[in-house]
Amino acid sequence: MVSGESSKLELSLKCPVCGSNLQLIENSTYVILGCPHCKRFTRMTKKYVYKNYIEYEGNYVHLKWTELIKELYIRISGQSYQESDTP
Ligand SMILES: [Zn+2]
């Protein structure tokens, strides 16, 4: 990923509020899960992602996508909207 640029990925996960497809956005600092329709977003610092969702097996680096998305989805589904960088 080039620093300063952001990349966007449309997921098949639905927004808990309006049912639109959620988007996963990545920029140089954050990984963001958000709904483009109701403007509901939750984000995590990449530092946090690297620390908690990356496993190293020798030379192999494994990103635990499923767990990462699950955590973000739990946050976005929360009753009250909270923007937190740390749990
Ligand atoms: Zn929505």
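Rule-based calculations on the coordinates, nothing more; no lab input. Quick caveat, the model's predicted, so the values are computed rather than measured. Counting neighbours? That spans all protein chains shown, and the Cβs are built from the backbone with ideal geometry, glycine included.
Within the chain, which is the longest segment that contains none of the GluC sites (Glu not before Pro) sitting in a DSSP loop with at most 10 other Cβ atoms within 10 Å?
Longest run free of exposed loop sites: 6-82.
How high is the relative contact order of the chain, in percent, with contacts defined as C-alpha pairs under 8 Å that are six or more residues apart?
21
Where Lys and Arg each count +1 and Asp and Glu each count -1, what net charge lies around Gln23 among other residues with Cβ under 14 Å from its Cβ?
+3
What angle do you read, to the nearest 10 degrees and between 0 and 90, between the alpha-carbon axis of helix 65-77 and the longest principal axis of the chain?
Between helix and principal axis, roughly 30 degrees.
Between Lys8 and Glu57, what is the label-to-label distance in nm when each label sits 7 Å out along the Cα-to-Cβ direction?
That separation, rounded to one decimal, is 3.4 nm.
How would you rank His37, His62, going from fewest to most other Cβ atoms within 10 Å of each one's own Cβ?
Ordered from fewest to most neighbouring Cβ atoms within 10 Å, His37, His62 come out as His62, His37.
Tell me whether segment 7-77 comes out rounded, prolate or oblate; compute the Cα gyration tensor, take square roots of the eigenvalues as a ≥ b ≥ c, and use a/c under 1.5 as the rounded threshold.
prolate
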